[in-house]
Amino acid sequence: MLLLRCPLPFLLLLLPLASRPQKLPTRDEELFQMQIRDKAFFHDSSVIPDGAEISSYLFRDTPKRYFFVVEEDNTPLAVTVTPCDAPLEWKLSVQELPEEASGEGSGDPEPLEQQKQQITNEEGTELFSYKGNDVEYFVSSSSPSGLYQLDLLSTEKDTHFKVYATTTPESDQPYPELPYDPRIDVTSLGRTTVTLAWKPSPTASLLRQPIQYCIVINKEHNFKSLCAVEAKLSSDDAFMMAPKPGLDFSPFDFAHFGFPADNNSGKERGFLKSSKFGRQTSPKPRVDLHRVCIGNKNIFTVSDLKPDTQYYFDMFAVNTDTNMSTAYVGTFARTKEEAKQKTVELKDGKVTDVFIKRKGAKFLRFAPVSSHQKVTFSVHSCLDAVQIQVRRDGKLLLSQSVEGVRQFQLRGKAKAKYLIRLKGSKRGASMLKILATTRPNKQSFPSLPEDTRIKAFDKLRTCSSVTVAWLGTQERNKFCIYKREVDDNYNEEQKKREQNQCLGPDTRKKSEKVLCKYFHSQNIQKAVTTETIRGLQPGKSYLLDVYVIGHGGHSVKYQSKLVKTRKFC
């Protein structure tokens, strides 16, 4: 018994060659394996090979028919049809093959056209039919001999599909087997994470075949086959590599829900461009759908999801030898809501300290008690940059990234209420000071130049002193400089950890203070001051800090400077 692997016209030519019944040639396994490796062998063929999955394409309302021959009665038979991106109507039927040339037994073969009509015009006996988008099977342990016809139709749209047929279903088993409980369990649910677990496929645990699991995440619906997933994605997309052992991979670390935009994501598959039907295909809209293969582990945590959002999760067991897959029963889950945060009330003209966890956010509210023409927000970010948004009665007025000291002046409105949202850094916790006021002359933070670096003059460096300079502003402020001896191996990373600009001179030892002085210049080009720090030890490293102190007593630290005295003079 076999499924024929030659074009149908050649099959028809074989029928009249003898006046007595004859068997069709049995499957040459070596030739068959060579042919199924050559994908072009079955391209655009109407013959289904035995034991190999074929992929094809249906145009809407254009039926397609496939054939295969079963030569012996009582033969096991399994046929699997996998719709991809649209429901299919398909029907499997069988009709007898003519065994003798004529009823009189003359030995003269019937004309070829007559035999062709006899085979193709008869409706045959319908064995099975299905309509829908599920992966559906026809399985029989004892099938009659004959010419089998598989008719497929898509009434919804142009679509891909896959067909697999075999006469040895017990031994082939190309699709991974599902466990007795094929459901995906949600074992842990957070605001931005979902942990999934599933039982392993017996194909991997018992038969020891190479199986890997592929997870698909999206916000629209579950998928019934990996073929349906592939139809949604660009043909250029490849499966993600498995994460390193012990580390779950997050597909959402990239732009646009995880992955960067692909300039080719809208292009259709290449063979459609030269279709003889001449139909034009339109670019596919990009979808938030992502897949990742994670090897053979059966627990996985998806991270960096959006709070209070419903996600659909599908799991596919993929046989890496055959590249054929089986779908687990998909699931869905809604991430937890953002924790409702207490809103901090800001008082007019008073500085408020704010601490924000990594990737966290804080909400503040400012409701002036009197009418006002303008409102000023002064923000001092102590560490990394923070994001600030200001809304007045629900309307967004400001959205900025703040590093160092920034001041924003907005137009006021009678009885207005302001909601301020502060979002922290991804790299670590954030600290800042914020002041809101309706009085323009109420400035607690000192003004700063654009460049807050300290410059050291190498040529003026001696064994006991260093000379430095820094920029000032047109506003008269008090400047204090401090020094601290550090080890020779003190590096930029250690210096970065100490760059909390909100820590003032009151946190320093008295022995570290060098001096304080007032300084300003009406000519901003000449707002530069220099200072020589004396009494240092030869060949030693020192960390220098300059603090500028505003009229309200609040200070801002310039960028620290690491200097070293000469060892020999």
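The values are calculated or read from the model by the stated rules, or taken from the named source; none is laboratory data. This is a predicted model, so every value here is computed, not measured. We place every Cβ from the backbone using ideal geometry, glycine too, and count neighbours over all the protein chains shown. For the accessible areas, the whole protein counts, side chains as well, though only heavy atoms, and no ligand, DNA or RNA atoms are used. Shrake-Rupley method; radii C 1.70, N 1.55, O 1.52, S 1.80 Å.
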### Query
Can you give me the relative contact order of the range 304-365 as a percent, contacts being Cα pairs under 8 Å and 6 or more apart?
30
### Summary
Computed on Cα atoms, Rg of the range 304-379 relative to 2.2 N^0.38 Å comes out at 2.11
### Query
Say each of Thr168 and Gln522 gets a label point 7 Å from the Cα, pointing the same way as Cα to Cβ; how far apart are those two points in nm?
10.0
## Note on the structure
Rounded to the nearest 0.05, FRET efficiency between His551 and Asp308 (Cβ-Cβ, R0 35 Å) equals 0.20
#### Entry: Length released on extending from Arg439 to Asp384, taking residue separation times 0.36 nm less the Cα-Cα span
17.0 nm
### Query
How high is the relative contact order of the range 344-437, in percent, counting Cα pairs under 8 Å that sit 6 or more residues apart?
48
### Query
Which value, in Å² and to the nearest 10, is the accessible area of Val351 when all protein chains are kept and the probe is 1.4 Å?
30
### Query
For the residue pair Phe128 and Ala339, what label-to-label distance in nm results when each label sits 7 Å from Cα along the Cα-to-beta-carbon direction?
5.4
#### Entry: Long pairs among Lys199/Lys219; Lys509/Lys540; Lys64/Lys199; Lys64/Lys224; Lys357/Lys513; Lys336/Lys423, criterion Cα-Cα beyond 31 Å
Lys64/Lys199; Lys357/Lys513
### Task
Could I have the simple spin-label model distance between Glu89 and Arg65, label points 7 Å from Cα toward Cβ, reported in nm to one decimal?
1.6
### Message
What FRET efficiency comes out for Ala367 versus Asn74 if R0 is 51 angstrom and r is the Cβ-Cβ distance? Round to the nearest 0.05.
### Response
0.05
### Message
Taking all protein chains in place and a 1.4 Å probe, what share, in percent, of the accessible surface of the range 454-564 do carbon and sulfur account for?
### Response
46
### Query
Net charge near Gly330, counting Lys/Arg +1 and Asp/Glu -1 over other residues with Cβ under 11 Å of its Cβ?
+1
### Task
First select every other residue whose beta carbon is under 13 angstrom from the beta carbon of Pro182; then total the charges, Lys and Arg +1, Asp and Glu -1.
-1
## Note on the structure
Per-residue accessible area, 1.4 Å probe, largest first, puts Cys516, Cys480 in the order Cys516, Cys480
### Task
Just subtract the alpha-carbon distance of Ser188 and Thr462 from 0.36 nm times their residue separation and send over the number in nm, one decimal.
92.4 nm
#### Entry: Å² of accessible area per residue within the range 524-569, as computed with a 1.4 Å probe and no ligands counted
52
### Task
Jot down the radius of gyration and Dmax of the range 426-553, Cα atoms only, both in angstrom.
16.3, 53
### Query
Considering only DSSP states other than H, G, I, E and B, which GluC sites (Glu not before Pro) in the range 307-394 qualify as loop sites with at most 15 other Cβ atoms within 10 Å?
Glu337, Glu338
### Query
Over the alpha carbons of the range 344-437, what is the largest minus smallest coordinate on each principal axis, giving the biggest first in Å?
40, 23, 20
